[in-house]
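Worksheet: the structure to be examined is printed underneath.
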Amino acid sequence: MPNLTPEELGRWQETTLKKSVSKSPARQPYFETTSHIELKDIFTPMDAGDDGYMPDIGLPGEFPFTRGVQPTMYRGRFWTMRQYAGFATAEETNQRYRYLLQQGQTGLSVAFDLPTQIGYDSDHPLSDGEVGKVGVAIDSLKDMEILFDSIPLDKVSTSMTINSTAAILLAMYIAVAEKQGVKSDMLQGTIQNDVLKEYSARGTYIFPPQESMRIVTDIFAYCKDFVPKWNSISVSGYHMREAGSTAVQEVAFTLADGIAYLEAAIKKGLDVDSIASRISFFFCSHNNFLEEVAKFRAARRIWAKIMKERFHAKKDSSYMLRFHTQTAGCTLTAQQPENNVVRVALQALAAVLGGTQSLHTNSRDEAYALPNQDSVTIALRTQQIIAYESGVTDLTDPLGGSYAVEALTNEIEKKAEEYINKIDEMGGAIKAIAAGYIQKEIADSAYQYQKDIESNKQIIVGINRFQSADVPLKDVLRIKPEVEDYQKQKLARVKADRNDARVMETLVALKKAAQGTDNLMPSILDAVKAYATLGEISDALREVFGEYTQQ
Amino acid sequence: MARTIRALIAKPGLDGHDRGAKVIARALRDAGMEVIYTGIRQTPEQIVSAAIQEGVDIIGLSILSGAHNRLFPKIVQLLREKGAGDILVFGGGIIPVDDIPGLKEAGIKEIFLPGSSTEDIIRYIREIVPA
């Protein structure tokens, strides 16, 4: 058969397709992805820009990394299976971590409770009702010692979802490692440290943006010198997607934030190539399977070009967008919750086909509460089934060259770049957030999505179709209210046992550093080691930096 | 014509997940109600004083952190203490089914779980708010 021409495609549309559609019309007059990219009747080499081998996609492990950051991908080794976990006290969470590691999980991922994320100790009035709820409560180094008890920090890699208080938690991790005899240059892991998306989507900000960016870049500089294997930021689109953005917006707003961090680091005098490879990303994997696969591929390509063309990075490793993925929490239904296992499996498969470096799979019961142990086990097994049974891991970028996937990849790239250009025109991500632009775009998409469900344009099984009588989930994890008292007592003991004069000394030094331009990390590390609490350290910084309130 | 219903959509506690709250606020507004949205991280005291000051008929609380058992009842209790016990309170978020009876006993009129439609919530508010 000769090469497909536009004329030949037109003939097919006018004859075969038209005849068929006139007999049995399509389910919808128009098909599109969640980002409103049109899905045509058929994708062909013409849509994918196929000119022999598509020049834009390159080869795995090479610029622009569309097909993956490594040449072998999962033929070399699987992604890191990393379940985000943390609840109640450090004691209980330590047990869960040791269980997960025994079950074959290959990295840890710490969820902190909200007071820890917002810089309040467990005995603060605003912590009332929140202690240990969405993650583990950490008040002082003491809790961190318990959290990683019997877990060798030179062997595991640990990801910590922590932003406004990232410097404090990183300092505590370094201090615990020291006590285990592990030097900071051996530590592997990630702190989220992405404060910009806290203003636009996630909400755990403390300080105004300018001061927050100073802390972020202080961490970059410190890690470069003392914790070189550590990912000093995980620029996150996940939370913007969960807040309702489309796939295109997720890519665009995340990369725009990434640009802002790099610009801030460069302004501080850091060399692009010295920090670029320690910047990692975090994306969501949502329901629309092929769009998600294309999204990951597009994100890699756009970032590679940004690093090369905008920042003039020289090293190959600077071009590589490495990312963690979590399946989409907002897609989990409270109705027929067992169906969530299937949703998660598909989303996880999309992440793997998109070339993720690590993955968290959500649990079936998370529309109700934090997951119980059985649910977490199924979620982890889902990843293991994809890795060991599905066969997709034996090929690198197996969907590469699919007309539909390449066309979607191109289209997402184009639309995301339009957004990035628009944000550039506004003066960058920090300005766009301050103007409320990103928040509004996300809120509009969230509202549209809800309306699409309510008008049955978007079907969600068990919600607006195929409903059935609910069988309530058993054994939903409950955080006992006693956790709060236990945590407060532990905090009181720490305060009674420490040298208060030394604590004061370190806090005064920290404030002084904050008022000047010294890197904050050494002072925070001193304070942490003196058992100054997370709340005390945060308060010291609040005194100097002030607090941000939502506009 | 019926008078305009005034609603306060509030986020007690520390969680920043405001997607649901914002969607509900907008849907109620589109349905012709007057809606005040508090923004995130509001204390029970702030919510109650906003509700009284704005003279609302009903408060919708959204929380996804698991602190509902502590914070929802506290808000109802504070309303009663301030002589505003006639302001109705409903809630939504990530809430285990087993917690619902206790919350209703504490004076929360209704709990909407993930998957609830805004149409149902609008219908519910119109039913429950006295004309």
Inset, instruction - With the condition kept exactly as written, say whether any residue in segment A:135-157 is modelled with pLDDT of 95 or more, within 14 Å of chain B (Cβ to nearest Cβ) and in contact with a helix residue (DSSP H, G or I) (Cβ under 6 Å, 6 or more places away or on another chain). - result: yes
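Inside segment A:169-206, can you point out the residues that are assigned to a loop (DSSP other than H, G, I, E, B) and either in contact with a strand residue (DSSP E or B) (Cβ under 9 Å, 6 or more places away or on another chain) or away from chain B (no Cβ under 14 Å) (or both)?
To start, the set of residues in segment A:169-206 that are assigned to a loop (DSSP other than H, G, I, E, B) comprises A:180-183, A:187, A:192-195, A:203-206.
Listed by number, the residues that qualify are A:180, A:181, A:182, A:183, A:187, A:192, A:193, A:194.
Just one of A:184, A:127 is at pLDDT 95 or above, polar (S, T, N, Q) and more than 29 Å from residue A:366 (Cα to Cα); which is it?
A:184
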Legend entry - Pair list, Cβ under 9 Å, 6 or more apart: segment A:235-247 residue more than 10 Å from chain B (Cβ to nearest Cβ), other residue among the charged types (D, E, K, R) and assigned to a loop (DSSP other than H, G, I, E, B): A:235/A:194; A:236/A:194
Inset, instruction - Kindly indicate whether residue A:110 is surrounded by 24 or more Cβ atoms within 10 Å (Cβ to Cβ) and not polar (S, T, N, Q). - result: yes
Inset, instruction - Could you check, for segment A:61-81, whether at least one of its residues is crowded, with 23+ Cβ neighbours inside 10 Å, within 14 Å of chain B (Cβ to nearest Cβ) and part of a loop (DSSP other than H, G, I, E, B)? - result: no
Inset, instruction - Identify all residues within segment A:481-537 that are surrounded by fewer than 17 Cβ atoms within 10 Å (Cβ to Cβ), assigned to a helix (DSSP H, G or I) and of a type in the set (S, T, N, Q); write none if there are none. - result: A:489, A:515
Inset, instruction - Filter segment B:49-72 for residues that are over 14 Å from residue B:11 (Cβ atoms) and more than 10 Å from chain A (Cβ to nearest Cβ) and give the result. - result: B:49, B:52, B:53, B:54, B:55, B:56, B:57, B:58
Inset, instruction - Tally the residues that are at the interface with chain A (Cβ under 9 Å from one of its Cβ atoms) and surrounded by 21 or more Cβ atoms within 10 Å (Cβ to Cβ), restricting the search to segment B:28-40. - result: 1
Legend entry - Residue match in segment A:23-36 (condition: within 32 Å of the chain's Cα centre (by Cα), within 28 Å of residue A:277 (Cβ to Cβ) and either assigned to a loop (DSSP other than H, G, I, E, B) or of a type in the set (Phe, Trp, Tyr) (or both)): no
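Which fully enclosed helices (runs of 4 or more DSSP H) of segment A:214-283 have 2 or more residues being among the β-branched types (Val, Ile, Thr) and buried (at least 24 other Cβ atoms within 10 Å of the Cβ)? Explain how you work it out, then say what you get.
Details: elements: A:238-242, A:247-267, A:272-275.
Of the helices (runs of 4 or more DSSP H) lying wholly inside segment A:214-283, those with at least 2 residues that are among the β-branched types (Val, Ile, Thr) and buried (at least 24 other Cβ atoms within 10 Å of the Cβ) span A:247-267.
Return the total of residues in segment B:88-124 being assigned to a loop (DSSP other than H, G, I, E, B), within 11 Å of chain A (Cβ to nearest Cβ) and on the phi > 0 side of the Ramachandran plot. Before you say what the answer is, go through the steps one by one.
Narrowing segment B:88-124 to residues assigned to a loop (DSSP other than H, G, I, E, B): B:94-96, B:106-109, B:113-117.
Retained after the next criterion (residues that are within 11 Å of chain A (Cβ to nearest Cβ)): B:94-96, B:113-117.
Checking the rest, the ones that are also on the phi > 0 side of the Ramachandran plot come to B:115.
Qualifying residue count, segment B:88-124: 1.
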Inset, instruction - List the number of the failed condition for residue A:388; all other conditions in (1) more than 11 Å from chain B (Cβ to nearest Cβ); (2) within 26 Å of the chain's Cα centre (by Cα); (3) under 30 Å from residue A:255 (Cα atoms); (4) of a type in the set (Phe, Trp, Tyr) hold. - result: (3)
Inset, instruction - Can you confirm whether segment A:265-282 contains a residue that is under 22 Å from residue A:422 (Cα atoms) and under 17 Å from the mean Cα position of the chain (by Cα)? - result: yes
Legend entry - Cβ pairs under 6 Å, 6+ apart, first in segment A:368-390 and surrounded by 15 or more Cβ atoms within 10 Å (Cβ to Cβ), second among the basic types (Lys, Arg): A:375/A:364
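The values are calculated or read from the model by the stated rules, or taken from the named source; none is laboratory data. This structure is a prediction, so every number in the text was calculated from the model and none was measured. Cβ atoms come from the backbone with ideal geometry, glycine included; neighbour counts cover every protein chain shown.
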